[in-house]
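Structure first, then comments.
The values are calculated or read from the model by the stated rules, or taken from the named source; none is laboratory data. It should be emphasised that the depicted structure is a prediction, and the values quoted were computed from it without experimental measurement. Using ideal geometry, Cβ is built from the backbone for each residue, glycine included, and neighbour counts are taken over all protein chains shown.
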Amino acid sequence: MKTYVALLRGINVGGKNALPMKELVAILESLGARRVKTYIQSGNAVFAGNDKITPRFSNQIKETIRKRLGFEPFVLLLELEDMERALQQNPFPEAEADPQTLHAGFLAAAPKHPDLKALESFRKASERFRLVGRVFYLHAPEGVGRSKLAANAERLLGEPMTDRNWRTVRTIWKMAQELT
């Protein structure tokens, strides 16, 4: 058995795309996931599964949600090693002291032609960012909600992305470790 992380984007936001975590657990279990645990209402799940889970599994999750609930969220499937690598490669370790200001944007694939120059043009003086493989790190001390850099990152990177603050990244990783 391997440990996996499912990150869903665009659920339970402003009363739209309601997906209770009990329902997410039931969906994952119906698809063969075992020992499913979720964290907060924003679509974070860890689970055990056999070694044959493939990238298509995220499409199966999306399709099952669409059939049951009528909407299709972005679903990113990671392995425990992906989370560990994201933690180890953090280019801003000093920002971990204030984990709400440090974010990891997990991308569907490593961007082939990211427009880093355009990203730089949106960066406030207090912000820092770095793209490392399939993770876009952003330190935004003034908050992500006010960041034009954060608002434009996915478009300028050219790959679907779902973002988590550092506290959430660490919590998901700890939950995933408990399954091993």
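Looking at Leu80, Leu28, Leu76, which one is without any contact (Cβ under 8 Å) to a residue 40 or more places away in the chain, touching a strand residue (DSSP E or B) at 6+ places or on another chain (Cβ under 8 Å) and surrounded by 15 or more Cβ atoms within 10 Å (Cβ to Cβ)? Among Leu80, Leu28, Leu76, only Leu28 is without any contact (Cβ under 8 Å) to a residue 40 or more places away in the chain, touching a strand residue (DSSP E or B) at 6+ places or on another chain (Cβ under 8 Å) and surrounded by 15 or more Cβ atoms within 10 Å (Cβ to Cβ). On the given criteria, is Thr101 over 15 Å from the mean Cα position of the chain (by Cα), of a type in the set (Val, Ile, Thr) and in the same structural domain as Ala153 (by TED's automatic domain parsing)? Against the criterion (over 15 Å from the mean Cα position of the chain (by Cα), of a type in the set (Val, Ile, Thr) and in the same structural domain as Ala153 (by TED's automatic domain parsing)), Thr101 qualifies. Exactly one residue out of Arg34, Arg56 is farther than 25 Å from Asn165 by Cβ, surrounded by fewer than 19 Cβ atoms within 10 Å (Cβ to Cβ) and in contact with a strand residue (DSSP E or B) (Cβ under 6 Å, 6 or more places away or on another chain), and it is Arg34. Applying the criterion of being polar (S, T, N, Q) and over 18 Å from the mean Cα position of the chain (by Cα) to the residues of region 1-53, the residue that is farthest from Leu77 (Cα to Cα) is Ser30. Taking the criterion of being under 12 Å from the mean Cα position of the chain (by Cα) and assigned to a helix (DSSP H, G or I), the residues of region 153-169 that qualify are Trp166, Thr168, Val169. Restricting attention to region 38-53 and to residues that are touching a residue at least 24 places away in the same chain (Cβ under 8 Å) and out of contact with any strand residue (DSSP E or B) (no Cβ under 9 Å at 6 or more places or on another chain), the residue that is farthest from Met175 (Cα to Cα) turns out to be Gln41.
Table: residues versus (1) modelled with pLDDT under 95; (2) closer than 21 Å to Phe106 by Cβ; (3) of a type in the set (Phe, Trp, Tyr); (4) out of contact with any Asp or Glu (no Cβ under 6 Å at 6 or more places or on another chain).
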site: Lys2; (1), (2), (3), (4): yes, yes, no, no
site: Asn12; (1), (2), (3), (4): yes, yes, no, yes
site: Lys16; (1), (2), (3), (4): yes, no, no, yes
site: Asp51; (1), (2), (3), (4): yes, no, no, yes
site: Arg56; (1), (2), (3), (4): yes, yes, no, yes
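Okay, residues lined up against (1) of a type in the set (D, E, K, R); (2) part of a loop (DSSP other than H, G, I, E, B):
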| site | (1), (2) |
| --- | --- |
| Ile65 | no, no |
| Arg68 | yes, no |
| Glu81 | yes, no |
| Ala104 | no, no |
| His113 | no, yes |
| Ala118 | no, no |
| Ser126 | no, yes |
| Leu131 | no, no |
| Ala151 | no, no |
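Go through region 133-149 and give me each residue that's buried (at least 17 other Cβ atoms within 10 Å of the Cβ) and assigned to a helix (DSSP H, G or I). Within region 133-149, Val144, Leu149 meet the criteria.
Among residues of region 116-141 that are over 21 Å from Met83 (Cα atoms), those with a Cβ under 9 angstrom from a residue that is loosely packed, with under 14 Cβ neighbours inside 10 Å and of a type in the set (A, V, I, L, M), sequence gap 6+ or separate chain, pair up as Phe122/Ala151.
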